[in-house]
Amino acid sequence: MIDPCESAPSWIRSIAPYIPGKPAQELAREMGLDEAGIVKLASNENPLGPSERALEAMRGALRDIARYPDGNGFELKRAISTKYGVDMTQIVLGNGSNDVLELAARTFLAPGRSGVYSRHAFAVYALSVQSVGAIHIETPAVDFGHDLDAMLGAIRDDTAIVFIANPNNPTGTFVSGEALRVFLAKVPKRVTVVLDEAYTEYLGDQDRYDSIPWIREFPNLVVTRTFSKAFGLAGMRVGFALAHPDVADLMNRVRQPFNVNSVAQAGAIACLGDDDYVARSRALNLEGMKQVADGVAAQGFEVLPSRGNFVCVRVGAGSDMYQKLLRLGVIVRPIGGYAMPEWLRVSIGLPEENERFLSALREASGGSGRHR
Ligand SMILES: *Cc1c(COP(=O)(O)O)cnc(C)c1O
């Protein structure tokens with residue numbers, strides 16, 4: 001290792017690189033496939049493509065890209081404030097919600113302090129804790145989901161932050177609003193709880209809960225949301241956190257002044273107002289979830305019940321199913337990095353994309369059932 005790398009902090013040198021879903025273009029290049037025929041169900045993106053309203057707003061915003069964006073994101077914060085009933089001082093904008101997750105870590109953690117998250121939880125929590133040299137505390141899961149009691153029990157004197165994804169990625173597991181409230185009431189006030197609700201728009205009526213009013217009661221609660229999933233703007237990189245104004249103020253000090261670009265701000269404002277697009281996204285997902293989960297189960301594979309826009313399928317230890325699907329032009333996500341080497345995560349796509357996945361799975365597994 002060259003000298004500068006050698007002298008980087010040990011916690012940086014030991015970071016395991018994040019492995020994103022394979023881009024369709026990359027697979028096309030590697031396997032000599034036609035990119036147009038590739039189905040990518042690997043990154044939980046919105047298969048509808050962007051909302052027309054967002055596209056139009058973003059085209060308009062292109063005219064001004066020689067200027068810096070509004071570093072305060074005034075118009076976007078105003079739109080968020082109106083939609084979610086929060087004060088503008090409670091909002092932290094991020095270059096994707098990954099950015100705000102990291103801002104929370106940088107605001108509250110440091111070497112010698114610890115961050116708590118669950119086994120099989122979203123990878124960015126571990127990365128954020130590690131990149132600031134803090135101590136990791138990973139709690140065991142129950143049925144692949146968050147064990148809130150275990151998380152409470154894991155909080156120590158040096159714990160500054162707890163991350164919870166609800167629903168969780170990659171498992172799709174969900175904890176009820178009531179369980180979360182009970183948990184929040186028990187967490188010491190000095191510990192920040194980051195509640196990552198990247199998939200909350202996909203929840204059905206029976207699961208829906210509203211965590212935003214809780215911020216009043218629990219000033220240590222930070223709720224994060226994203227425009228990357230149900231709002232269809234993953235490529236624009238925009239998300240936000242809602243928190244007590246003092247917490248938001250601290251996080252905003254750590255934030256890069258121009259972290260959300262002007263085109264993204266315009267697109268986000270437009271799709272916040274496009275309820276119809278979000279409703280269509282949710283309806284398409286519910287239908288597609290049934291298609292994929294039923295189709296996979298009919299082929300004899302185990303699936304984890306999921307509240308997100310993706311589902312985990314058990315293909316077994318040492319399976320080469322991921323590679324086989326790639327050769328058939330279908331990109332899904334191996335999740336060995338999430339301590340789930342027997343599983344693949346499949347994003348819900350358009351009905352015809354889901355069907356492509358199901359038939360590729362059938363072909364790759366030789367059409368036989370039972371694949372535990
Ligand atoms: C996709 C996802 C996000 C969103 O990330 P962005 O940076 O906003 O694109 C956040 N949390 C979880 C759990 C996710 O799966």
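Computed quantities for the displayed model
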item	result
G337 being in a helix (DSSP H, G or I), in contact (Cβ under 8 Å) with a residue 24 or more places away in the chain and either touching a Leu at 6+ places or on another chain (Cβ under 6 Å) or on the phi > 0 side of the Ramachandran plot (or both)	no
Qualifying residue in the stretch 65-74 (condition: among the aliphatic types (A, V, I, L, M), modelled with pLDDT of 95 or more and loosely packed, with under 11 Cβ neighbours inside 10 Å)	yes
Count of residues meeting criterion [assigned to a loop (DSSP other than H, G, I, E, B) and either surrounded by fewer than 10 Cβ atoms within 10 Å (Cβ to Cβ) or acidic (D, E) (or both)] in the stretch 1-19	5
For T89: the one exception among (1) hydroxyl-bearing (S, T, Y); (2) crowded, with 18+ Cβ neighbours inside 10 Å; (3) assigned to a helix (DSSP H, G or I)	(2)
Failed criterion for V278 (all others in (1) over 26 Å from I65 (Cβ atoms); (2) among the β-branched types (V, I, T); (3) touching a Gly at 6+ places or on another chain (Cβ under 6 Å) hold)	(3)
Tally of residues being over 11 Å from the mean Cα position of the chain (by Cα) and basic (K, R) across the stretch 222-237	1
Some residue of the stretch 92-103 being β-branched (V, I, T) and within 16 Å of the ligand (Cβ to nearest atom)	yes
Those residues of the stretch 127-160 which are under 20 Å from D99 (Cβ atoms) and either away from the ligand (no atom under 16 Å from the Cβ) or under 18 Å from the mean Cα position of the chain (by Cα) (or both), in sequence order	L127, S128, V129, Q130, V132, G133, A134, A160
Only listed residue being within 16 Å of the ligand (Cβ to nearest atom) and of a type in the set (D, E), chosen from D246, D210, D196	D196
Filtered residues of the stretch 179-197 (kept if more than 22 Å from the chain's Cα centre (by Cα), within 14 Å of W214 (Cα to Cα) and either buried (at least 17 other Cβ atoms within 10 Å of the Cβ) or not hydrophobic (A, V, I, L, M, F, W, C) (or both))	K186, V187, K189
Boolean, A241 is away from the ligand (no atom under 16 Å from the Cβ) and of a type outside the set (S, T, Y)	no
Total residues in the stretch 163-178, condition surrounded by 18 or more Cβ atoms within 10 Å (Cβ to Cβ) and away from the ligand (no atom under 13 Å from the Cβ)	1
Top-ranked residue of the stretch 218-238 - restricted to ones that are over 20 Å from S281 (Cα atoms) and in a loop (DSSP other than H, G, I, E, B), ranked as farthest from the ligand (Cβ to nearest atom)	P219
Residue that is more than 16 Å from the ligand (Cβ to nearest atom), of a type in the set (A, V, I, L, M) and assigned to a loop (DSSP other than H, G, I, E, B), where the choices are A57, A66	A66
Extreme residue, farthest from E102 (Cα to Cα), among residues of the stretch 198-220 that are buried (at least 21 other Cβ atoms within 10 Å of the Cβ) and within 14 Å of the chain's Cα centre (by Cα)	Y202
Restricting the stretch 180-204 to residues that are part of a helix (DSSP H, G or I) and of a type in the set (D, E, K, R), the residue that is farthest from F163 (Cα to Cα)	E201
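The values are calculated or read from the model by the stated rules, or taken from the named source; none is laboratory data. As the structure is a computational prediction, the values presented were derived from the model and not from experiment. Glycine also receives a Cβ, built like all others from the backbone with ideal geometry; neighbour counts cover every protein chain displayed.
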